[in-house]
Amino acid sequence: MKLNKIHHVAIICANYKASKHFYVELLGLKILGETYRAERNSYKLDLQVGEDYQIELFSFPNPPARPSYPEASGLRHLAFEVDDIHTTVNELQSMGISVEPIRLDVHTDKKFTFFNDPDGLPLELYEK
């Protein structure tokens with residue numbers, strides 16, 4: 001078996017309108033497709049991240065809350081590579097998004113930090 005790459009990451013949001021605004025308007029991800037599934041009362045929004053990756057943003061009525069933060073089983077966080085972490089942090093903060101202090105990965109000597117999406121999902125910025 002050979003796995004080529006990660007195709008997409010799926011995220012379930014509690015407030016579709018708020019999450020769509022966050023990922024599209026604030027983070028600047030491109031919409032590839034948007035589907036309303038009436039039988040599930042659910043939206044599916046396909047978002048492009050760079051050239052090779054996608055986020056599938058789902059809405060469902062009354063999804064359960066994340067069990068604990070940040071060490072729940074399952075997805076721990078989603079990391080985005082950026083060219084200049086200081087510039088990106090300044091852009092997020094100028095939009096009112098709270099960002100943790102920038103840290104240094106002692107194994108790679110790369111800078112990284114975290115911020116949250118509207119549902120509290122931890123998102124990481126990792127400098128190239």
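The values are calculated or read from the model by the stated rules, or taken from the named source; none is laboratory data. For clarity, every value in this text was computed on a predicted model and none was experimentally measured. Counting neighbours? That spans all protein chains shown, and the Cβs are built from the backbone with ideal geometry, glycine included.
Out of the residues in segment 2-37 that are aromatic (Phe, Trp, Tyr) and more than 21 Å from Asp52 (Cα to Cα), which is surrounded by the most Cβ atoms within 10 Å (Cβ to Cβ)? Spell out the reasoning first.
Initial filter on segment 2-37 (aromatic (Phe, Trp, Tyr)): 16, 22-23, 36.
So of that shortlist, the ones also more than 21 Å from Asp52 (Cα to Cα) come out as 16, 36.
Values: Tyr16: 18, Tyr36: 12.
Only one residue tops the list, namely Tyr16.
Inside segment 1-19, can you point out the residues that are of a type in the set (Lys, Arg) and not in a loop (DSSP other than H, G, I, E, B)? Walk me through it before giving the result.
Keep residues of segment 1-19 that are of a type in the set (Lys, Arg), which gives 2, 5, 17.
Lys17, the sole residue that qualifies.
Output yes when any residue across segment 44-55 is part of a loop (DSSP other than H, G, I, E, B) and assigned by TED's automatic domain parsing to the domain that holds Glu124, and no when none is.
no
Determine whether Leu104 is in contact (Cβ under 8 Å) with a residue 60 or more places away in the chain and either within 17 Å of Lys20 (Cβ to Cβ) or not assigned by TED's automatic domain parsing to the domain that holds Ala18 (or both).
Details: in contact (Cβ under 8 Å) with a residue 60 or more places away in the chain: no; either within 17 Å of Lys20 (Cβ to Cβ) or not assigned by TED's automatic domain parsing to the domain that holds Ala18 (or both): yes.
Judged against the criteria, Leu104 is not a match.
Only one residue in Arg66, Arg76 is loosely packed, with under 14 Cβ neighbours inside 10 Å, among the basic types (Lys, Arg) and at pLDDT below 90, so which one is that?
Working: Arg66 fails: loosely packed, with under 14 Cβ neighbours inside 10 Å.
Going through Arg66, Arg76 in turn, the sole match is Arg76.
Please identify the pairs in which a residue from segment 87-99 that is closer than 10 Å to Leu125 by Cβ has its Cβ atom under 7 Å from the Cβ atom of a residue that is in a helix (DSSP H, G or I), counting only partners at least 6 apart or on another chain.
Val99/Val89; Val99/Leu92; Val99/Gln93
If the Cβ limit is 6 Å and pairs must be 6+ apart or interchain, which residue in segment 107-125 that is among the basic types (Lys, Arg) pairs with which residue that is crowded, with 18+ Cβ neighbours inside 10 Å?
Close Cβ pairs satisfying both conditions: Lys110/Glu127; Lys111/Ile85; Lys111/Glu127.
Output the residue which, of all residues in segment 82-128 that are in a loop (DSSP other than H, G, I, E, B) and among the small types (Gly, Ala, Ser), is surrounded by the most Cβ atoms within 10 Å (Cβ to Cβ). Don't jump to the end; show me each part of the working.
Initial filter on segment 82-128 (in a loop (DSSP other than H, G, I, E, B)): 83-84, 95-98, 100-102, 105-110, 117-121, 128.
Retained after the next criterion (residues that are among the small types (Gly, Ala, Ser)): 96, 98, 120.
Values: Gly96: 7, Ser98: 9, Gly120: 11.
Among residues in segment 82-128 that are in a loop (DSSP other than H, G, I, E, B) and among the small types (Gly, Ala, Ser), the one surrounded by the most Cβ atoms within 10 Å (Cβ to Cβ) is Gly120.
Is it true that Phe22 is in contact (Cβ under 8 Å) with a residue 40 or more places away in the chain, under 15 Å from Asp117 (Cβ atoms), hydrophobic (A, V, I, L, M, F, W, C) and outside any strand (DSSP E or B)? So that I can check it myself, show each step before the final result.
Values: in contact (Cβ under 8 Å) with a residue 40 or more places away in the chain: yes; under 15 Å from Asp117 (Cβ atoms): yes; hydrophobic (A, V, I, L, M, F, W, C): yes; outside any strand (DSSP E or B): yes.
Against the criterion (in contact (Cβ under 8 Å) with a residue 40 or more places away in the chain, under 15 Å from Asp117 (Cβ atoms), hydrophobic (A, V, I, L, M, F, W, C) and outside any strand (DSSP E or B)), Phe22 qualifies.
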